[in-house]
Amino acid sequence: DAGITQSPRHKVTETGTPVTLRCHQTENHRYMYWYRQDPGHGLRLIHYSYGVKDTDKGEVSDGYSVSRSKTEDFLLTLESATSSQTSVYFCAISEGGSGGYEQYFGPGTRLTVT
Amino acid sequence: GESVGLHLPTLSVQEGDNSIINCAYSNSASDYFIWYKQESGKGPQFIIDIRSNMDKRQGQRVTVLLNKTVKHLSLQIAATQPGDSAVYFCAARRGGSYIPTFGRGTSLIVHP
């Protein structure tokens, strides 16, 4: 398995509170991604990073922000959690370039916003 | 944009049979395709990929077929085993992009 960990693995929080999810990789891959997975929608891209301090929005970025201060860590923050952000969140990495663009996924974080 | 879809939300097979899971994509500029397997409670796991300059690629018990004319790809699993029970979904990437588009998935159920 690719060296990707996510923390926490489960979290229950209240509406309006800030939440930060962490993705940590030991593969030194350039690209990192945050997805959410919901029934009937499949995987939807929230934000991605193509290098340290280089990030961009995905298709469902509203209400989320990210930061990448070092290669191995990619943080996803919900500034003020809403019930619509209840989901399973997956981090993914890819090497890029000649190393290929296939993505490898972490184990996921199940977030419940009450 | 790109849309990626699977033809069947659920596929039930008997242990030992061959399974075929289908996927269609919309963007003719897509040049790279990946199949993932996702077991319950886990993250998606890379199975096999194929580039648009190929029609077929084989792995261990799996084969991916690509038909660019009709923008269709399939994943064939030989001698399906109970451990193959999972959700399978395909992803397509447009040339020049490193962001794939994912389909929604087909749930493969293997009956012993």
Suppose a student asked you for the relative contact order of region B:4-111, using Cα pairs under 8 Å spaced at least 6 residues apart; what percent would you report? 39 percent
When chain B is treated as a Gaussian network with springs between alpha carbons less than 10 Å apart, the largest mean-square fluctuation among B:VAL87, B:VAL62, B:VAL70 is found at B:VAL70
Heavy-atom accessible area per residue, the protein assembly as shown, 1.4 Å probe: how many Å²? 48 Å²
Sequence-separation-based contact order of region A:4-113, relative, with Cα cut under 8 Å and 6+ spacing, percent: 35 percent
Rounded to the nearest 100 Å², what is the buried accessible area between A and B, both sides summed, probe 1.4 Å? 1500 Å²
Go through A:HIS41, A:HIS47, A:HIS24 and list them by solvent-accessible area, largest first, probe radius 1.4 Å. A:HIS41, A:HIS24, A:HIS47
Return the single residue from B:ILE47, B:ILE99, B:ILE34 with maximal mean-square fluctuation; model: Gaussian network over chain B, springs between Cα atoms under 10 Å. B:ILE99
Under a straight-distance cross-link criterion of Cα-Cα below 19 Å, which aspartates and glutamates are reachable from B:LYS42, leaving out those fewer than 8 residues away in the same chain? A:ASP1, A:ASP38, A:GLU102, B:ASP84
Provide the solvent-accessible area of A:TYR64, counting protein heavy atoms only and rolling a 1.4 Å probe, rounded to the nearest 10 Å². 20 Å²
How much accessible area does B:LYS56 have with a 1.4 Å probe, in Å² rounded to the nearest 10? 110 Å²
Got a number for carbon plus sulfur as a percent of region B:63-112's accessible area, 1.4 Å probe? 53 percent
Solvent-accessible area, 1.4 Å probe, carbon plus sulfur percent, for region A:37-108: 46 percent
List, in order, the whole-Hz ³J(HN,Hα) value for each residue of region B:15-29 obtained from phi through the Karplus relation with A = 6.51, B = -1.76, C = 1.60 and θ = phi - 60°; use x for Gly and Pro. 3, x, 6, 8, 10, 10, 10, 10, 8, 10, 10, 9, 8, 5, 7
Whole Å is fine, so just give me how far the alpha carbon centre of region B:45-112 lies from that of region A:1-42. 24 Å
In Å², nearest 10: area of A:GLU95 left accessible to a 1.4 Å probe: 90 Å²
With a 1.4 Å probe and all protein chains left in place, how much of the accessible area of region B:1-40 comes from carbon and sulfur atoms, in whole percent? 45 percent
Averaged across the residues of B:44-52, what count of C-beta atoms belonging to other chains lies within 10 Å of each residue's C-beta? 3
Mean other chain Cβ within 10 Å across A:27-38 is 1
With the full set of protein chains present, the residues of region A:88-113 whose 1.4 Å probe accessible area falls by 50 Å² or more relative to the chain alone are A:TYR101, A:GLU102, A:GLN103, A:PHE105
With springs only between Cα atoms under 10 Å, which of A:LEU43, A:LEU21, A:LEU75 fluctuates most in a Gaussian network model of chain A? A:LEU43
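The values are calculated or read from the model by the stated rules, or taken from the named source; none is laboratory data. The shown structure was predicted, so the numbers you read here are calculated from the model rather than taken from an experiment. Note that each Cβ is placed from the backbone with ideal geometry, even for glycine, and that neighbours are counted across all protein chains shown. For accessibility, only protein heavy atoms count, side chains too; no ligands or nucleic acids. Shrake-Rupley method; radii C 1.70, N 1.55, O 1.52, S 1.80 Å.
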